[in-house]
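Q: Take this structure, written in structure tokens, and hold onto it; I'll ask about it next.
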Amino acid sequence: MIFYQATFYTLAAVAVVSALLVVTRRNPVHSAIYLIITLLSVALLYLQLQAEFLAAVQIILYIGGIMVLFLFVIMLVRLDVATRQAPFNRQGLVAGVAALVLLVEFAGAIYLGRGTAELPRAAAGALQPNTEQIGRMLFQNYMLPFEIASLLLLVAMVGAVVMAKRR
Amino acid sequence: MVTLLEAGRPYLIALIRIIVVFLGVSLLVAYLVYAERKILAHLQVRVGPMRVGPHGLLQPIADGLKLLLKEDIIPQGADKAIFWLAPIISLIAAFTAFSLVPFGPNFAITDANVGLLFLIGISSLGILGIILGGWSSNSHYPLLGALRSTAQLVSYEVALGFALVSALLLAGSLSMQKIVEAQAEQGIWFIFLQPVAFFIVFVAAIAETNRNPFDLPEAESELVAGFHTEYSGFRFSLFFLAEYAAMVLVSSIAVTLFLGGWLRPFARVAAFDFLDFVPALVFAAAAAWCLRAVLRLPRGREWRWQRLMLYLLGAGAVLVFLVLLLPVRVDGRLAFPVLGAIQGVFWFMVKVTALLFGFIWFRGTFPRYRFDQLMSLGWRFMIPLAIVNVIFCGLGIVLSKKSDWNLTASLWLATAATLLVAVLLVGRRRV
């Protein structure tokens, strides 16, 4: 149990700290690397929750797909210009107030709802391999939303192609 | 103390396996480089490395030492931290993936029920090493090489993924162990049910590992050495190791999914049981080769080290041969426990080696593609073909389940339909 908690807090700390670094680094490539570290530690958190399918998909999609494309684009940008510009503007006060309000809201919601979120504990060894279950859920119970989502993605893809063709 | 040992036992076994796999893969990679040089040389009617050890057998060690002792240069204006990090990312990604490769029925570091997804995920992490290495060098050739490499990897990963899906449909599992077990149960390797998928996987694997004829990211005539142009010495060797380890890895994935993993050819036919003795025969052949090489060595003192080494190698081969044939009497019948234990790993490695030989053979045979040809091949031919193949494969499986058709027959029908589409695709294409 101690081991479990230790890994959880380590991963959570790594995720939070590198998420902060994503915002504060001036060099966009460094930001991207910290974002990769954040995503990776979130994937490991999924793994700790025994959601191995989600962890694998997180790595493949976010790191292998999206972050690779991010880096691809960043490489083509003149970085010396980007690093000279200040990454922050003068709306710090407004953002700070908004963040504080959000924090209070979250804290309130968690404090007020503390009794209701008690999920039943799974018995030891009761966790099934969840890849099949996710597949079954997606293609049986949630068939329609799944298809709608894929249609949306298709439309977005066609739209991107049309916009790129027009130049 | 005893309880501590008991508690630590699973970890200890895992640790030993990790060390064995790590050392084994490192050695394999080192000798893969040697094999490549040797095979390419013979394809070009040369002899290749001959000086360091008999037939240049110690060449990888000499090369490794040379790379370690070379000066480690970091280019001016390079992003030092990332320059330092990139080869490590590549290497870690390549080696971590081996933890899921099932080398034998009871020899894999681990088995996860999303094994294949993890393998794909980890190998896509390797791309990061390439991009970051190319970018952080602060130089034009590496940057262009990294861009090409990324574009190529991202495009061919799509085709690779789709082709793997059709093998997964047949196996009904993502676990690497279960995929091989499914092939054992169905009594047929999936290459015979899904030849098109295997073709796509093999071609995509060559593209994924940046090998000729798809080695544009490292095209010497255009880009010097691609993304690792500015790397030297030890860091370069890390990239080099990662690249060859990735070759072994994609071959292992292809073998697991399509070539029956650790299964012996004709595993269910008793008449072919004599094939179980092939491992021993290989070592006997190795010993015979050593003897022949000793006899062909010229006389003279300057050859004594080579002679000594050949004697040692031969003695080692004979020893392994004898250990393999160590007989034990079980229920009045002879059994060969050692031979049985290494059976799976042996056949797995034989198949991986065959695929690796194919890689090298391709490099010695085909001219390089042009980059636009490469992309158009990927997007206009491989990806549509892979998608069509998955659709037809699924239809074939459903067909055999709904009617009383034989699975093999319906999948062959699906393959024929896929090939028809392939012909249409090729006919329509203007390159």
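Q: Using a 1.4 angstrom probe on the protein heavy atoms only, could you order B:178, B:401 from most to least accessible area?
A: Result, largest first: B:401, B:178.
Q: Now for a separate question. Heads up, I need the accessible area for residue B:303: 1.4 angstrom probe, whole protein in place, Å², nearest 10.
A: That residue has around 80 Å² of solvent-accessible surface.
Q: Follow-up. Please give the average number of partner chain Cβ atoms lying within 10 Å of the Cβ of each residue in A:9-19, rounded to a whole number.
A: Mean shielding by partner chains, rounded to a whole number: 0.
Q: Show me the helices of chain B, taken as full DSSP H stretches, that run 20 Å or more along their long axis by Cα and average 0.5 or above in Kyte-Doolittle hydropathy. Each step should come with its number before you reach the end.
A: Values: long enough: B:2-43 (58 Å, 1.48); B:80-96 (24 Å, 1.79); B:115-136 (32 Å, 1.93); B:140-171 (46 Å, 1.18); B:233-258 (38 Å, 1.64); B:278-296 (26 Å, 1.60); B:304-324 (30 Å, 1.52); B:337-365 (42 Å, 1.32); B:383-402 (28 Å, 1.73); B:407-428 (31 Å, 1.80).
Helices meeting the criterion: B:2-43, B:80-96, B:115-136, B:140-171, B:233-258, B:278-296, B:304-324, B:337-365, B:383-402, B:407-428.
Q: Any chance you could look up the accessible area of residue A:143 with a 1.4 Å probe, heavy atoms only, rounded to 10 Å²?
A: Approximately 80 Å² for this residue.
Q: Could you calculate the FRET efficiency of residue A:7 with residue A:100 from 1/(1 + (r/R0)^6), where r is the beta carbon distance between them and R0 is 35 Å, rounded to 0.05? The partial results should precede the final answer.
A: On the way: r = 31 Å, r/R0 = 0.88.
The computed FRET efficiency comes out at 0.70.
Q: Taking each residue in B:108-115, count the Cβ atoms of any other chain within 10 Å of its Cβ, then average. What number comes out? Don't jump to the answer; show the numbers that get you there.
A: Values: counts 0, 0, 0, 0, 6, 7, 11, 2.
That works out to 3 on average.
Q: I've got another one for you. What whole number of Å gives the distance from the Cα centroid of segment A:6-42 to the Cα centroid of segment B:301-346?
A: So the two Cα centres are separated by 51 Å.
Q: Here's another thing I want to ask about it. Could you compute the FRET efficiency for residue B:326 and residue B:376, with r as their C-beta to C-beta distance and R0 at 56 Å, rounded to 0.05? The partial results should precede the final answer.
A: Working: r = 57 Å, r/R0 = 1.01.
Once the sixth-power term is evaluated, E becomes 0.50.
Q: Relative contact order (percent) for chain B, with alpha-carbon contacts under 8 angstrom and 6 or more residues of separation?
A: Relative contact order for chain B comes out at 20 percent.
Q: Turning to a different aspect of this structure: Report relative contact order for segment A:1-85 in percent, whole number only (criteria: Cα-Cα under 8 Å, sequence separation at least 6).
A: Working: 72 pairs, mean separation 24.9, N = 85.
That works out to 29 percent.
Q: Over the whole of B:128-140, what's the average partner chain Cβ count within 10 Å per residue? Rounded to a whole number, please.
A: 3
Q: How high is the FRET efficiency from residue B:297 to residue B:353, r the C-beta distance, R0 30 Å, rounded to 0.05? Write out the running numbers ahead of the final one.
A: Details: r = 27 Å, r/R0 = 0.90.
Once the sixth-power term is evaluated, E becomes 0.65.
Q: Another one. What does the helix-only formula give at 222 nm for chain B: each DSSP H stretch with n ≥ 4 adding -39500 (n - 2.57), the total divided by the residues, and the result rounded to the nearest 500 deg cm²/dmol?
A: One gets -23500 deg cm²/dmol as the mean residue ellipticity at 222 nm.
Q: Under a crude label model (7 Å from the Cα following the beta-carbon direction), how far is residue B:425 from residue B:111 in nanometres?
A: In this crude label model, residue B:425 to residue B:111 measures out at 3.3 nm.
Q: Another question, if that's okay. Taking the solvent-accessible surface of protein heavy atoms with a 1.4 Å probe, what is the per residue accessible area of chain B in Å²? Could you put the intermediate results ahead of the total?
A: Working: 21330 Å² over 431 residues.
I get 49 Å² per residue for chain B.
Q: Enter the accessible area of residue A:7 (Å², nearest 10), with the probe set to 1.4 Å and all protein chains included.
A: Rounded to the nearest 10, that gives 40 Å².
Q: Determine which residues of segment B:345-368 fall in the zone a paramagnetic label at residue B:45 would reach in this model, i.e. backbone nitrogen under 19 Å from the point 7 Å along Cα→Cβ.
A: Under 19 Å, as judged by backbone N against the label point of residue B:45, lie B:364-366 of segment B:345-368.
Q: OK, next. Could you look at chain B and say what percent of its accessible area is carbon and sulfur, using a 1.4 Å probe and all protein chains?
A: 70
The values are calculated or read from the model by the stated rules, or taken from the named source; none is laboratory data. Source: prediction; values computed, not measured. Every residue, glycine among them, receives a Cβ derived from its backbone with ideal geometry; neighbour counts consider all protein chains shown. Heads up: the accessible areas ignore ligands, DNA and RNA and are worked out on the full protein's heavy atoms, side chains in. Shrake-Rupley method; radii C 1.70, N 1.55, O 1.52, S 1.80 Å.
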